[in-house]
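K.L.:
Let me give you the structure first, and then I'll get to my questions.
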Amino acid sequence: MEEKKSYPRLLCDLGLLERNANEVTRRCHDQGIRVAGVVKGINSQRPMVERFARGGCDQLASSRLSQLAAFADLGLPTMLIRVPMRSEVEGVVRLADYSLQSDRAVLDAVEAACERQGKTHKVILMADLGDLREGWWDKEELVQAALHVEKELPHVILAGIGTNLGCYGAIKPTVEKMEELAELAEKVETAVGRELEIVSGGATTSYLLVHRHEMPKKINHLRVGEGILLCYDFKYEWGVTDIEYLSSHVFTLQTEVVECRSKPSYPVGEIFVDAFGGRPTYEDRGVRRRALIGIGKLDMGSSAQLIPREEGITYLGGASDLTILDVEECPRQLQAGDILEFDISYSEMAFLTAAADVTVEYIG
């Protein structure tokens, strides 16, 4: 008897995931760049993490120590990519081979933890090049912090420096920004009297410079997650059309229609606030057919970036447990029980892979 499927269901094509990892790492390696495969967006689900490793990633990275512990046995160096809280340095030393750092007091705490545990730990000092997230803004302070690690913290190893762009401030990684990082790396190297192991040029958004063969040679490390898992940002946010070697169909979200009928497109009554405190706006397009699917914000955060696989379907909005779609122009006459498929964005993937009521199924 065939097993009855439950929805919502997230399908992951492991073959496509491994191929994406291989395509990214091969191109990076050809340009002298190592890749930390970032798996925080999939909540370190084991079958997917294994494909990052098989696809050629040099390190495995996450922002959560609990996730690092889950794949420590895979044999690749591990990297914590959220600058750590001072309260968690014992776990940082125990579970991570590398960590990003941006505070001198935390570095001193890492040294003390290393001494207690009888271990050494490698650090990458972060430079803020304008995105206004983590990192030293005063570059001379970063150089002095590097000297402090090199000369005064015997258990902490200065592996290199790095930056983050395109996250909080949405600053575009450009050749000029990478050259700024390269110049800073050279200043640090002059100060400490040796070459750095790592000059980390950022995350997925920086990979476009590799794709276009524009990355300065001094940059020898990237932290890539979304570009391997989804390739959503390149194609749908950046408008990149010549990156066909990466698949944006690693994931397929399958959802079930729970209601489909014609209703007014503009709410009837006094508009106040929605269930999440928002004040939405609406366009009056008359009476139109709309479908409700059994998945909502509790499952995937904001669903606004869902991309329907069928023509004639557009996103209208969502609530805790339902998502509302305009299907007036959908050729298929949808009804309750029908299944709709979507491509997803990074934020939706991060929620879906952690959601208790979403079934994750692996294929390929």
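No value in this document is a laboratory result; all are computed from the given coordinates. Just so you know, these numbers come straight off a predicted model, no measurement behind them. Every residue, glycine among them, receives a Cβ derived from its backbone with ideal geometry; neighbour counts consider all protein chains shown.
K.L.:
If you add up the charges near Leu298, with Lys and Arg at +1 and Asp and Glu at -1, over every other residue whose beta carbon is less than 9 angstrom from its beta carbon, what do you get?
P.N.:
-2
K.L.:
Between Rg and the Kirkwood Rh of the chain, both from Cα atoms, what is the Rg to Rh ratio?
P.N.:
Rounded to two decimals, Rg/Rh equals 1.03.
K.L.:
Beta carbons within 10 angstrom, averaged per residue: use that to sort the peptides 208-217, 58-67, 321-330, highest first.
P.N.:
58-67, 321-330, 208-217
K.L.:
Find out how many positive minus negative residues lie around Ser206, taking Lys and Arg as positive, Asp and Glu as negative, among other residues whose Cβ is under 10 Å from that of Ser206.
P.N.:
Every neighbour counted, the sum reads +3.
K.L.:
Could you go through the stretch 110-126 in sequence order and give the Karplus-derived ³J(HN,Hα) for each residue, using 6.51 cos²θ - 1.76 cosθ + 1.60 with θ = phi - 60°, rounded to whole Hz, and x for Gly and Pro?
P.N.:
Rounded to whole hertz, the list is 4, 4, 5, 5, 4, 5, 5, 8, x, 10, 10, 8, 9, 10, 10, 7, 9.
K.L.:
Next question. Based on the mean of other Cβ atoms within 10 Å per residue, sort peptides 247-253, 237-243 so the most packed one is first.
P.N.:
Put in order of decreasing packing, that is 247-253, 237-243.
K.L.:
Would you please state the base-10 log of I(q)/I(0) at q = 0.08 1/Å for the stretch 14-230, with intensities from the Debye formula using one equal scatterer on every alpha carbon?
P.N.:
Here log10 of I(q) over I(0) equals -0.25.
K.L.:
Work from the charge dipole of the stretch 14-230 (Cβ charges, +1 for Lys and Arg, -1 for Asp and Glu, about the Cα centre) and give the residue of Val106, Thr78, Ala159 farthest towards its positive end.
P.N.:
Of Val106, Thr78, Ala159, it is Thr78.
K.L.:
Build a GNM of the chain with springs between Cα atoms under 10 Å: which of Leu14, Leu100, Leu147 gets the top mean-square fluctuation?
P.N.:
With Cα springs under 10 Å in the chain, the top fluctuation among Leu14, Leu100, Leu147 is at Leu147.
K.L.:
Moving on. Given only helices, namely DSSP H runs of n ≥ 4 each adding -39500 (n - 2.57), what is the per-residue ellipticity at 222 nm of the chain, to the nearest 500 deg cm²/dmol?
P.N.:
Result for the chain: -8500 deg cm²/dmol, rounded to the nearest 500.
K.L.:
Tell me, His121, His29 in order of fewest to most beta-carbon neighbours within 10 Å?
P.N.:
Fewest-to-most ranking of His121, His29: His29, His121.
K.L.:
Okay, moving on. Counting other beta carbons within 10 Å of each residue's own, what order do Arg26, Arg279 fall into, fewest first?
P.N.:
Arg279, Arg26
K.L.:
How many angstrom separate the Cα center of the stretch 67-102 from the Cα center of the stretch 175-227?
P.N.:
With the stretch 67-102 and the stretch 175-227 each reduced to a Cα centre, they are spaced 21 Å.
K.L.:
Now, a different point. Counting only other residues whose beta carbon sits under 14 Å from that of Ala356, what net charge do I get with K and R as +1, D and E as -1?
P.N.:
Combined, the nearby Lys, Arg, Asp and Glu give -2.
K.L.:
Among Glu50, Glu141, Glu23, which one moves the most in a GNM of the chain with springs linking Cα atoms closer than 10 Å?
P.N.:
Comparing Glu50, Glu141, Glu23 in the GNM, the peak value goes to Glu141.
K.L.:
Could you give me the ³J(HN,Hα) list for the stretch 160-165, computed from phi with Karplus coefficients 6.51, -1.76, 1.60 and θ = phi - 60°, whole Hz, x at Gly and Pro?
P.N.:
x, 10, x, 8, 10, 9
K.L.:
Then there is this: How far, in degrees from 0 to 90, does helix 139-152 lean away from the longest principal axis of the Cα atoms of the chain, to the nearest 10?
P.N.:
Helix 139-152 sits roughly 60 degrees off the main axis of the chain.
K.L.:
Starting from the Cα of Arg261, move 7 Å in the Cα-to-Cβ direction to define the label point; list residues of the stretch 323-360 whose amide nitrogen is under 20 Å from there.
P.N.:
Answer for the stretch 323-360: 323-330, 333-339.
K.L.:
Pairs of Cα atoms under 8 Å, at least six residues apart: use those to get the relative contact order of the chain, whole percent.
P.N.:
19 percent
K.L.:
Pick from Ile295, Ile42, Ile313 the residue whose mean-square fluctuation is largest in a GNM of the chain, springs joining Cα atoms under 10 Å.
P.N.:
Judging by the Gaussian network model, the answer is Ile313.
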